[in-house]
Amino acid sequence: MSGTPGSAEYRVAHLTERFATGGCGALGVRAEMRGEAVLLTGTVPSDRCRDDILRLTREEFPDATVRCDLVTARTAPPDDAEDLS
């Protein structure tokens with residue numbers, strides 16, 4: 001990646017802000033630099049939101065490997081009753 005070492009951290013902070021203020025409102029997503037890769041962690045409300053976050057990250061860091069450890073929150077009610085016995 002080009003630029004000074006500090007510029008990557010600034011770009012990651014800006015990217016995280018875009019996650020929170022964008023259409024998904026993904027406040028629980030964290031991005032961090034791991035060598036030449038960007039690691040994404042957290043929980044998103046939908047698969048579409050996860051895809052949007054991946055797209056934004058790849059746009060911001062086109063030359064970096066993007067590692068995704070994002071979990072999609074379950075928003076549908078359970079399929080069956082919980083067994084408490």
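Computed quantities for the displayed model
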{"read-out": "Calculated Rg and Dmax of region 24-85 using C-alpha coordinates, Å", "value": "15.1, 53"}
{"read-out": "Residue-by-residue Karplus 3J(HN,Hα) for region 47-53, coefficients 6.51, -1.76, 1.60, Hz, glycine and proline x", "value": "5, 4, 5, 4, 5, 5, 5"}
{"read-out": "Solvent exposure of the chain as accessible area per residue, Å², 1.4 Å probe", "value": "68 Å²"}
{"read-out": "Partnerless cysteines, meaning none of the other Cys C-beta atoms lie under 4.7 Å away, in the chain", "value": "CYS68"}
{"read-out": "Amide proton proximity set for VAL44, modelled H, under 5 Å, gap of 5+", "value": "VAL71, THR72, ALA73"}
{"read-out": "Where GluC sites (Glu not before Pro) in DSSP loops with at most 15 other Cβ within 10 Å are excluded, longest remaining stretch of the chain", "value": "37-81"}
{"read-out": "Long-range HN-HN contacts of VAL38 with modeled amide H, under 5 Å", "value": "THR65, VAL66, ARG67"}
{"read-out": "Accessible carbon and sulfur surface of the chain relative to its total accessible area, %, 1.4 Å", "value": "50 percent"}
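The values are calculated or read from the model by the stated rules, or taken from the named source; none is laboratory data. A quick note: this is a predicted structure, and the numbers were derived from the prediction, not measured. So basically every Cβ, Gly included, is an ideal-geometry build from the backbone, and we count neighbours across all protein chains shown. These accessible areas exclude ligands, DNA and RNA; they are computed on the full protein's heavy atoms, side chains included. Shrake-Rupley method; radii C 1.70, N 1.55, O 1.52, S 1.80 Å.
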